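The values are calculated or read from the model by the stated rules, or taken from the named source; none is laboratory data. Bear in mind the structure is a predicted one, so any value in this text is a computation, not a measurement. Glycine gets a Cβ as well: all are built from the backbone with ideal geometry, and neighbour counts include every protein chain shown.
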């Protein structure tokens, strides 16, 4: 998918940019894009689908990702209902924000390797993610030199971690991205699937909507997302189920039907395959994790 260039401006009086966004639907002003700056994103609350290079994954509260320079990315949250909002904190910085020659210092070696590895996108997990979130929260409340030092401390901490996972495949190449027409196709497909979760969604049906043959659509979608269309639909459906499991007290069988699964056994099987636990276990664990995050 051909990404859009984003012009990043540092905060006033600062060498980098940090901000928090709280809204109902990220897609209103957020699309497939890239920028020379590195980007660290902490998903505070909300769920959805994360695209980084050729990686397509679900995300939820506590998700932290470091995106490399000029690596295309976008986050599509599941639009919240009622008064619920999705919220993220973003830090965007250039390697030069610490001054010329910083990355050539011997002490900067681990951070330099971290940023090189971020070229494929890095998902931050476990205790590292929880501690990094606290550091980001502290940085958000600081100014001046304290703020810059907190960024250095944060990157140093991430550079020491063994809980980082590459997102894009090693052979991902920005220059292989397809044109603007196909970028719009991906967005159209995502919106259609999100709007028709309860219905039967067939590949020939969606292929016709975006002007491709069924066979051509299959090749296009696999190349663009790394997923089969069936896998993608299941991922989006399970992601919506996760939101409903956490955000209310709807019966699990009703959630399954709402997300397009007519058979509860099939729903449980698909859910466990993607999340590594049953819907009941996810509901219990996620609510417990949410309480711990609020306590911190």
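Each row is one residue, and each column tells you yes or no for (1) touching a strand residue (DSSP E or B) at 6+ places or on another chain (Cβ under 8 Å); (2) over 21 Å from residue 9 (Cα atoms); (3) part of a loop (DSSP other than H, G, I, E, B); (4) assigned by TED's automatic domain parsing to the domain that holds residue 36.
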position	(1), (2), (3), (4)
51	yes, yes, no, yes
69	yes, no, yes, yes
111	no, yes, no, yes
138	no, yes, no, yes
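For the range 26-46, taking the residues that are in contact with a strand residue (DSSP E or B) (Cβ under 7 Å, 6 or more places away or on another chain) and farther than 24 Å from residue 139 by Cβ, the one that is modelled with the lowest pLDDT is identified as 27. Scanning the range 243-265 for residues that are crowded, with 18+ Cβ neighbours inside 10 Å and not in a helix (DSSP H, G or I) gives 259, 260, 261.
Among the residues of the range 102-121, is there at least one that is under 19 Å from residue 147 (Cβ atoms), without any contact (Cβ under 8 Å) to a residue 12 or more places away in the chain and surrounded by fewer than 21 Cβ atoms within 10 Å (Cβ to Cβ)? Looking through the range 102-121, at least one residue is under 19 Å from residue 147 (Cβ atoms), without any contact (Cβ under 8 Å) to a residue 12 or more places away in the chain and surrounded by fewer than 21 Cβ atoms within 10 Å (Cβ to Cβ). Given the condition under 30 Å from residue 184 (Cα atoms) and in contact with a strand residue (DSSP E or B) (Cβ under 7 Å, 6 or more places away or on another chain), answer yes or no: does some residue in the range 275-287 qualify? No. For the range 203-210, the condition of being modelled with pLDDT of 75 or more and part of a loop (DSSP other than H, G, I, E, B) holds for at least one residue. Suppose the filter is within 21 Å of residue 52 (Cβ to Cβ) and touching a helix residue (DSSP H, G or I) at 6+ places or on another chain (Cβ under 6 Å); does residue 95 pass it? Yes; evaluated as a whole, the condition is true for this residue.
Can you name the residue in the range 1-18 that is closer than 18 Å to residue 74 by Cβ and assigned to a loop (DSSP other than H, G, I, E, B) and, of all such residues, is modelled with the lowest pLDDT?
Taking the range 1-18 first, the residues closer than 18 Å to residue 74 by Cβ are 1-8, 17.
Now restrict to residues that are assigned to a loop (DSSP other than H, G, I, E, B): 1-3, 6-8.
Values: 1: 42, 2: 53, 3: 64, 6: 79, 7: 73, 8: 85.
The qualifying residue modelled with the lowest pLDDT is 1.
Scanning the range 53-67 for residues that are under 15 Å from residue 121 (Cα atoms), touching a strand residue (DSSP E or B) at 6+ places or on another chain (Cβ under 6 Å) and part of a loop (DSSP other than H, G, I, E, B) yields a total of 1.
Being surrounded by 13 or more Cβ atoms within 10 Å (Cβ to Cβ) and not in a helix (DSSP H, G or I) holds for only one residue in 162, 142, and it is 142. Taken together, 62, 53 contain a single residue that is at pLDDT 90 or above and buried (at least 19 other Cβ atoms within 10 Å of the Cβ), which is 62.
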